[in-house]
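Working notes for the structure below.
Each reported figure results from applying straightforward, stated rules to the coordinates on display, with no laboratory input. Keep in mind that what you see is a predicted model, and the values were worked out from it rather than measured. So basically every Cβ, Gly included, is an ideal-geometry build from the backbone, and we count neighbours across all protein chains shown.
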Amino acid sequence: MDPAAGVAAPDENPGGFHPAFRILLLVALAAMLFRYSLSGIALALAGLMLGAAAAGGETLRGILKSLRRIRWLLLSIVIIYLWVAPEPQAAGRPWYLPAWSDIEIALQRAGVLVVLVTAVELLRRRTSVPAMAAGLLVLLAPLTRLGVDTGVFARRLAMTLDAVPLTAERVTAAAGARRAGRGLAGWGDAAATLVRELETGAIEAPSDARLPRLPRPRVSDWLWLAAGLAACWLVGRL
């Protein structure tokens, strides 16, 4: 595949921190996050929330909306680690009174999911789909030597990251519309509306979108990347 195929002219370059490095930092955070202590997870979440607040109220509201969607999943994680599959209890401790170690593990597991969702949503809202796809194309460039069509994969993955939260919003809206209906008729109307919206969006989505041609990373990009990786490592030492 010609690496320049489907690539936009240089004057369409996205500005700011290099998209490939944004994705690389997200991957590094995800890889280190499971080793974080509870205080480290809290610090990472605080840093992401400060970044979201600095990006604007819309970004912060979008992240909070995404976290609200997974509230029942978070609750189920806590219940599982506290009461369904807790650590062996000390003799004489009632089953309904979890030990602090169980509470800490439950909060850590739920906190990992909260940080990951926050980081992904921050990336999605601060990086356009074409820029994300172009960044992925840069990171996956070595695979082109093996004959892998990285351009198609990068486009589809970036479009998926963008489509999932939008689809969730449509599902929520359809469920809200169903509440206005009665019985099975309400569910049928809501499902029909949702299917029509998804089909329309699939038809309108460009399958051959041109990607911006990313410039070489600047010195400032390398410095921000080094600072971000160092921060991820240092938080893991807490």
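What is the projected area of the convex hull of the Cα atoms of segment 94-145, averaged over all directions, in nm²?
The Cα convex hull of segment 94-145, projected and averaged over all directions, gives 6.2 nm².
May I ask you to evaluate 6.51 cos²θ - 1.76 cosθ + 1.60, the Karplus curve with θ = phi - 60°, for each residue of segment 34-50 and list the ³J(HN,Hα) values in order in whole Hz, giving x for glycine and proline?
6, 9, 6, 6, 4, 5, x, 5, 4, 5, 4, 5, 4, x, 5, 5, 5
Can you tell me which of 112-120, 39-47, 56-64 comes out highest on packing, and rank the rest after it, using the mean Cβ neighbours within 10 Å?
Values: 112-120: 19.0, 39-47: 17.2, 56-64: 15.1.
The peptides rank, most packed first, as 112-120, 39-47, 56-64.
Provide the per-residue ³J(HN,Hα) series for segment 126-141, in order, calculated from phi with Karplus coefficients 6.51, -1.76, 1.60 and θ = phi - 60°, each as a whole number of Hz, with x at glycine and proline positions.
3J(HN,Hα) across segment 126-141, in whole Hz: 9, 9, 5, 4, x, 5, 4, 4, 5, x, 4, 4, 5, 5, 8, 3.
Amide H to amide H under 5 Å from Leu211: which residues, 5+ apart in sequence or cross-chain, H placed 1.01 Å off N in plane?
Val7, Ala8
Lys and Arg at +1, Asp and Glu at -1: add these up for the other residues within a Cβ distance under 15 Å of Gly56 and post the number.
Details: positive: Arg61, Lys65, Arg124, Arg125, Arg126; negative: Glu58, Glu121.
Around Gly56, the surrounding residues sum to +3.
For Val84 paired with Ala30, estimate the spin-label separation in nm (one decimal), with each label point 7 Å from Cα along the Cα-to-Cβ line.
It is 2.3 nm.
Once label points are set 7 Å from the Cα along Cα→Cβ at both Glu104 and Leu234, what is their separation, rounded to one decimal in nm?
Spacing of the two 7 Å Cα→Cβ label points: 2.4 nm.
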